[in-house]
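Remarks on the structure that follows.
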Amino acid sequence: MPEPLFCATPAEQLRIEPLDALTLVYHRASGITHLLVSPAPEILAVLAGAPMTQAALLARLGADFSVIDSDEALLSARLAELVASGLVAVT
């Protein structure tokens, strides 16, 4: 069975505003504003490029942002939260 792919909501459906340690993300489709902390904004940024598996996402986050440090459990938890919020989908 292939690994699931995670993909971010299309950029045109989001308004993203960094605010100190927080990032505000307004989701136009739902009308909800989400308050995110690292590594959630970085996850959205990486997934905006293309859908990817959790393993590929973990590698890119470590290489591009050094925010996760190979912590699969942390990434799984953040992905689950982003999926529940509607900002990330699983295919």
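The values are calculated or read from the model by the stated rules, or taken from the named source; none is laboratory data. Note that the structure is a prediction, hence the values are computed from the model and not measured. Protein only, heavy atoms only, side chains kept; ligands, DNA and RNA dropped before computing areas. Shrake-Rupley method; radii C 1.70, N 1.55, O 1.52, S 1.80 Å.
Between helix 54-64 and the chain, what is the angle of the helix's C-alpha long axis to the longest principal axis, kept within 0 to 90° and rounded to the nearest 10?
Relative to the chain, helix 54-64 is tipped by roughly 70 degrees.
Let me make sure I get this right: for the range 46-91, a, b and c are the square roots of the gyration tensor eigenvalues over alpha carbons, sorted descending. Under 1.5 in a/c it's rounded, otherwise prolate if a/b > b/c, else oblate. Which is it? Don't skip to the answer; put the middle values down first.
Values: a/c = 1.96, a/b = 1.34, b/c = 1.46.
Oblate shape, in that a/c is at least 1.5 and b/c is the bigger or equal ratio.
In whole Hz and in residue order, list the ³J(HN,Hα) couplings for the range 17-33 that follow from phi through the Karplus curve 6.51 cos²θ - 1.76 cosθ + 1.60, θ = phi - 60°; x for Gly and Pro.
My calculation for the range 17-33 gives 10, x, 9, 6, 7, 9, 10, 8, 10, 8, 9, 4, 4, 9, x, 9, 9 Hz in order.
For the Cα atoms of the chain, what angle does the longest principal axis make with the long axis of helix 72-85, in degrees from 0 to 90, nearest 10?
30
Taking only DSSP H segments of four or more residues, each worth -39500 (n - 2.57), what value at 222 nm results for the chain once the sum is divided by all its residues, to the nearest 500 deg cm²/dmol? Present the calculation step by step, with values, prior to reporting the outcome.
On the way: 3 runs with 35 residues, N = 91.
Value at 222 nm, helices only: -12000 deg cm²/dmol.
Quick check: at a probe of 1.4 Å, how many percent of the accessible area of the chain sits on carbon and sulfur atoms?
59
Please list the non-local residues whose amide H lies under 5 Å from the amide H of H34, H modeled 1.01 Å from N, same-chain partners needing a gap of 5 or more.
Correct list: V25, Y26, H27.
Taking Rg/Rh (Cα atoms, Kirkwood Rh) as the quantity of interest, determine which of (1) 1.14; (2) 1.02; (3) 0.94 was computed from the displayed structure.
Only one listed value fits the structure, namely (3).
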